[in-house]
Structures are given as structure tokens and as C-alpha cells.
Amino acid sequence: MTDARLLIEELAAKTGDGDFLRAIAESVMQLIMEADVDGLIGAGRHERSGERATWRNGYRDRSLDTRVGTLNLKIPKLRTGTYFPGFLEPRKMVEKALVAVIQEAWIGGVSTRRVDELVQAMGMTGISKSTVSKLCKDIDERVLAFLKRPLTGEWPYIWLDATYLKVREGGRIVSVAAIIAVAVNTEGRREIVGLHIGPSEAETFWATFLKDLVRRGLTGVKLVISDAHEGLKAAITRVMGATWQRCRVHFMRNALAHVPKGQHTMVSAAIRQAFIQPDQAGAVQTWRHVADQLRPRWPKLGACMDDAETDVLAYTGFPTQHRTKLHSTNPLERLNKEVKRRADVVGIFPNEDSIIRLVGAVLLEQNDEWQLQHRYMQIEGFAELSQPAIEEENQPLNITAKAA
């Protein structure tokens, strides 16, 4: 007890108040290691013994980050054999846990500066942006496995929507589209099936993306729901041979651009009369009637409705149980907002790989949550999705009638 008290008094005299606890921790750990080595060797320092198994061979430095600061330890080395203190083994788990925290914080929308502050608050020396980026690359393997996984079964419905992000490219900052694909299988389960980065208007971009989905096993597609992106409709017909549903919400925004703001409520209510009809024939008839009523005052609106009739009402030819989720890309809105929220923390991405890493991790996280929820669509409705029936129901929409 006297020796321990003297040791503490000596340390207190040598160190300031701020370093006292750290110095105590260093000394205690050093004493533990020396005692361990004495037992392993079979003799103390400078002690002669017939039971000696080996000799000391200097030290190697090792730092240990703790809540009281960084401890500078000297681990004894042996001439034959090795020694590593048992209390340092958990450091491997600590390091893994710290990496996991950094990864989760980064995916969760915490900036690298905030991550660095978090690490310093834990009593460590902080982590640079480059170190955080290197650690976060460990996410790539999981994300790519998720995004490239084989797709099995049939997927009658698929939604496509774009979120625009900033990225550095050739010394410039450009805007690219992160296209997210969500599909529902015949079990009524929805999954995130794809992510692609590039310009959203080019037909070749859409065709490449859709072909990749088909190669991975996306089959049985009956309806593709998206905004009116240039080239998408042609790519759908050429690659999948499926019907295209133009997002009803996006169409309403485009249509109301031809009407004075004060008339938006009235015009919206009139157009929506077509959406509440019980069947496809009633929806088409109401749509044309409303277009004829609005045409005299707003000719451009009437022409817009004529051109969009087939695409906006395509969902009315599908099972009634599913229609509320087929008419727009609204099922993707919440997902896109979450992607945007976390991407806004980054601001400008250094390259497209970093976009795939972050957005892909968000999608993986969301997809796992969906698998724990109830079916997204009623399974009974899929029995009505026989190809002949759909073609017969869609026949009236193949004729675009121009109102007089």
C-alpha cells in the first residue's frame, strides 16, 4: 500500500492536473505488462533463474486511445516467442466499432467535420476527411452486391424516378441524375432493384439501364411508371415491351402551367373527374369531355390533354386494387427525399463512385426495412394480370382522339 501511495504521489508531482489520470493509466498498464512478461519468461528483470525460458529484447511502441487521452505504451519484446498484452486485444473490436460508427454517421448524413468532432469527443486524435473516405469505401462491397444482385420471379410494376445531384467532372461541377428503380413482384412485395447515374434525357442512357435490369432477371414487366423523360418511352417499348404510365402528379403541374394561377383549383378539380371513374372507358370519356370544355378558354391546355391522354390514363387498364399506387411516382417521393437529405450534407460529390456509395447505402437500408413490412400490394389483384386481358383493356387507349 505504501509503494502504491508513493507511486501516485510521484506521478502527481511529475505531471500536471490535466495529464495526471493519463499518466496513472500508462503506469498501471506498464506494470501489468512487466508482470506478465516476468511470468512468461520465468524470471524478473536482471534475475538469474534456472527456470528462465527466454530473455527480454527491448520494447515496441503502441498507442492506445482512451477517454483520458492517448496512452503511450511500451510493449516488451522477447528474443524467442511473442508477447501481446491481453487488455489490448479488445482494441481490434474498438477499431471495428469506431469504423462502423463513422460509416453509419456518414451514411446518416453527418458531415466529415462533424465525424471528426465526434471522434475527438471520444478522447481520440480526430480523423481527417481522407481517412473517413477510406474507411467508408468498405461500404462498397455490400452496396455493389445489393445493386447487382440477381432478380428472380416476375415484376409486373416498376417505378423510375430521378434525383439530381452535383458532381465534379473534368474540373467542372455538373448535375447528374441518380435514377432509382423500385419494382413490385407477384407476391406483392416491393424492392429497390436498381440505381444508375447519368444524363436522364438520352434514350441510350435509359436503354442501357433497362437492359441491365433485364440481364439481372427483371421479367414480366407490364407497366413502367415515371415522369415524361425524353427517350424513356422509346426505351421501354424497345427493351421491355411494356406499357408506360406518365406520372399523374407531374402531368398536372405541366398542364396547370397553361392556366392562370387563380384558375388552378377549378381546372384541377375538373381534370380529376377522369381519375375517379370506376373503369377505363369512363375515364377516357370523362377526360375527353373535360378537354372539350377547357379548350375554348385555354387551347394549349386542351392540346396538352389530347397528347397526354393515353399515357396519363394507362393505369386505368390494370387491376382496381392496384390503381391507387400505379398512377404516379409518389411511392418514390419519400425515398427520394431521404436520399436528397443525406446527399445535401455532402453538397458536391467528388465522383460518381461516391454517389453510388452513399445513395446505394441509403437504398440498401430502406430495402431492408421494406422487407419487414406488410405486402405493398394485394396479391389477389395479380391474378387479373393475364396478358390477353391487359391488351384487350388497353385497346381503347391505342387510339388518340383529337377533340373537335
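The values are calculated or read from the model by the stated rules, or taken from the named source; none is laboratory data. On a predicted model such as this, the values are computed, not experimentally measured, just so you know. Cβ sites come from the backbone with ideal geometry, for glycine too, and all protein chains shown count toward neighbours. In case anyone asks, the SASA skips ligands and DNA or RNA and just uses the protein heavy atoms, side chains included. Shrake-Rupley method; radii C 1.70, N 1.55, O 1.52, S 1.80 Å.
Placing unit charges on C-beta atoms (Lys and Arg positive, Asp and Glu negative, everything else neutral), compute the dipole magnitude of segment 185-317 about its Cα centre in debye, rounded to 20.
Using only the charged Cβ atoms, the result is roughly 180 debye.
Can you give me the % of accessible surface on segment 305-377 that is carbon or sulfur? Probe 1.4 Å, all protein chains present, nothing else counted.
Roughly 48 percent, rounded to a whole number.
For segment 151-228, with the dipole built from +1 on Lys and Arg beta-carbon atoms and -1 on Asp and Glu ones, taken about the Cα centre, which of S200, G170, T152 lies farthest toward the positive end?
The listed residue farthest towards the positive side: G170.
Please compute the per residue accessible area over segment 233-286 with all protein chains in place, 1.4 Å probe, rounded to a whole number of Å².
51 Å²
Rounded to the nearest 20 debye, what is the charge dipole size of segment 324-382 about its Cα centre when +1 sits on each Lys and Arg Cβ and -1 on each Asp and Glu Cβ?
Dipole size: approximately 180 debye.
Take every Cα pair under 8 Å in segment 194-314 that's 6+ residues apart, average their separations, divide by the length, and report that relative contact order as a whole percent.
22 percent
Just the accessible area per residue of segment 134-184, please: how many Å² with a 1.4 Å probe?
48 Å²
Less than 12 Å Cβ to Cβ from Y157, Lys/Arg counted +1 and Asp/Glu -1: what total charge do the surrounding residues give?
Once all neighbours under 12 Å are counted, the net charge is +3.
Hey, which of these cross-link pairs are over 20 Å Cα-Cα: K148/K340; K261/K340; K222/K340; K211/K233?
From the list (K148/K340; K261/K340; K222/K340; K211/K233), the Cα-Cα distance tops 20 Å for K148/K340; K261/K340; K222/K340.
If you place +1 on the Cβ of every Lys and Arg, -1 on the Cβ of every Asp and Glu, and leave all else neutral, what size is the dipole of segment 230-296 about its Cα centre, to the nearest 20 Debye?
Dipole size: approximately 160 debye.
For V221, what residues show an amide H to amide H distance below 5 Å, using hydrogens built from the backbone and excluding near sequence neighbours?
Here W155 satisfy the definition.
For Cα pairs less than 8 Å apart in space and 6+ apart in sequence, what is the mean separation divided by the residue count of segment 128-255, i.e. the relative contact order in percent?
Over segment 128-255, the number comes to 23 percent.
Given the C-alpha centroids of segment 193-222 and segment 297-346, what is the distance between them in whole angstrom?
Between the Cα centre of segment 193-222 and that of segment 297-346, the gap is 19 Å.
Sorted by packing (mean other beta-carbon atoms within 10 Å per residue), highest first, where do 204-210, 281-287 land?
The most tightly packed comes first, giving 204-210, 281-287.
Give the long-range amide H neighbours of C247: residues separated by 5 or more places, or on another chain, with amide H under 5 Å away, using H modelled in the peptide plane at 1.01 Å from N.
For C247, whose amide H was placed from the backbone, the distant partners under 5 Å are S226, D227, A228.
Packing-wise, with mean Cβ within 10 Å as the measure, how do 217-228, 41-52 rank, highest first?
So the peptides 217-228, 41-52, ranked by packing, come out 217-228, 41-52.
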